[in-house]
1. Just name the residue that is surrounded by the fewest Cβ atoms within 10 Å (Cβ to Cβ) out of those in the stretch 78-94 that are without any contact (Cβ under 8 Å) to a residue 40 or more places away in the chain and closer than 17 Å to residue 133 by Cβ.
2. Based on what the data block shows, is residue 118 outside the structural domain of residue 273 (by TED's automatic domain parsing) and in contact with a strand residue (DSSP E or B) (Cβ under 6 Å, 6 or more places away or on another chain)?
3. So, of the residues in the stretch 8-29 that are over 23 Å from residue 39 (Cα atoms) and touching a helix residue (DSSP H, G or I) at 6+ places or on another chain (Cβ under 6 Å), which turns out to be modelled with the lowest pLDDT?
4. Within the stretch 132-158, can you find the residues that are in a helix (DSSP H, G or I) and farther than 27 Å from residue 377 by Cα?
5. Taking residue 363 as the residue in question, decide whether it is free of Cβ contacts under 8 Å to residues at least 60 places away in the same chain and touching a helix residue (DSSP H, G or I) at 6+ places or on another chain (Cβ under 6 Å).
6. Which residue out of 418, 428, 409 is part of a helix (DSSP H, G or I) and in contact with a strand residue (DSSP E or B) (Cβ under 9 Å, 6 or more places away or on another chain)?
7. Every residue in the stretch 200-242 that is assigned by TED's automatic domain parsing to the domain that holds residue 285, within 21 Å of residue 254 (Cβ to Cβ) and without any contact (Cβ under 8 Å) to a residue 24 or more places away in the chain, please.
8. If the requirement is being modelled with pLDDT of 95 or more, more than 14 Å from the chain's Cα centre (by Cα) and under 29 Å from residue 264 (Cβ atoms), which of these qualifies: 387, 346?
């Protein structure tokens, strides 16, 4: 490999000759060979959007030479588009402010802008600090990028994924509204419900999840940009950040606004902790739904088997014809991961010391991963599982007819104690509740038939 020599405030560093990054990024590569996990595409996009918006204001305002500002805008747009992702190699586990990654972005954009203007890599024709980083600090850029990336990912991936899942579940709720089955509480037989009622509960869980996610967006749309080093805004012209944020809003279509208090916005990460808690709630809902689908489709011979899931792939390397509930299982693992991400974000958010949080790369990684995988898992669950679910009406009818807990509907007529005795005798003898009630002379045949109308039991009231 060929190298060029670059210099930063600490001295000379050898950098790969064709790398768009410079000395500071190279130091970070050498200092943090930890996980191999890099910032995700959405975060790099956000950095490009922010740097481009700064140049769009700094040029016309006269803070950066107009020609250089235009070149920075072009380079930043290319970064946002993903043209140079391979030039962002810094590990997530790095300096807690994310300075290495902000510097990485400054160097890549500066070098690319220098190329646009006819300069060589490393020439600093466009300077990474003086020009690309004008009016900024890593301490306000990185938390701003977290919020911009998270707000966009929620809007473009998570909410659409959840919406698709809610629609699929609502369609199945309507399709299954007349399929009567045994209810279950504590995993034990309970009074009847319809399969449609069961799916309506799942659909509502997801709809409420969407509402909860939408409520955190205003918090994520408040940006720390303009606070610079410690929240005072040193080296940032008055009103500059607000103009930059207006450009970011225009270019993303998201109503971002400047933080009401820059000291809170940089020292604390409470908005991300709140968002993570909401994501955990949504993950809990998805886990419950996916796990229920596994149980309801279990068997198909020796389990519950009241629904059939789409058969997507062979389920065993040794047992022929075995098919497993692979999509619900994948969703359950996603939910578990999101719950773990919440714990990491919570602890990361607690580690703000004085004027700066020092776990921002950790928060960025875990928050964006949680948003992305929840959105994708919801879409996959909808498209590859829920839309293809079929009701096994024969099996549902068989099980509900064997369910002695239907005796509950007789409580208003024969009382709880007599009902308990009937249920125990019916279960022990293998007879139906109807047969035992008639044998004991507790009700007439007409009364029993009216009270044991299984469909009406799903509609509430006294039969």
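1. We begin by selecting, within the stretch 78-94, every residue without any contact (Cβ under 8 Å) to a residue 40 or more places away in the chain; these are 78-81, 83, 86.
Keeping just the survivors that are closer than 17 Å to residue 133 by Cβ gives 79-80.
Working: 79: 25, 80: 19.
Residue satisfying both the conditions and the ranking: 80.
2. no
3. 8
4. Selection gives 132, 138, 139, 140, 141, 142.
5. Values: free of Cβ contacts under 8 Å to residues at least 60 places away in the same chain: no; touching a helix residue (DSSP H, G or I) at 6+ places or on another chain (Cβ under 6 Å): yes.
So residue 363 does not fit the description; no.
6. Of 418, 428, 409, the one residue that is part of a helix (DSSP H, G or I) and in contact with a strand residue (DSSP E or B) (Cβ under 9 Å, 6 or more places away or on another chain) is 409.
7. 211, 218
8. On the way: 387 fails: under 29 Å from residue 264 (Cβ atoms).
Result: 346 is the single residue among 387, 346 that is modelled with pLDDT of 95 or more, more than 14 Å from the chain's Cα centre (by Cα) and under 29 Å from residue 264 (Cβ atoms).
The values are calculated or read from the model by the stated rules, or taken from the named source; none is laboratory data. What you see is a predicted model; the values in this text were computed from it and never measured. As a convention, Cβ positions derive from the backbone with ideal geometry for all residues, glycine included, and neighbour counts pool all protein chains shown.
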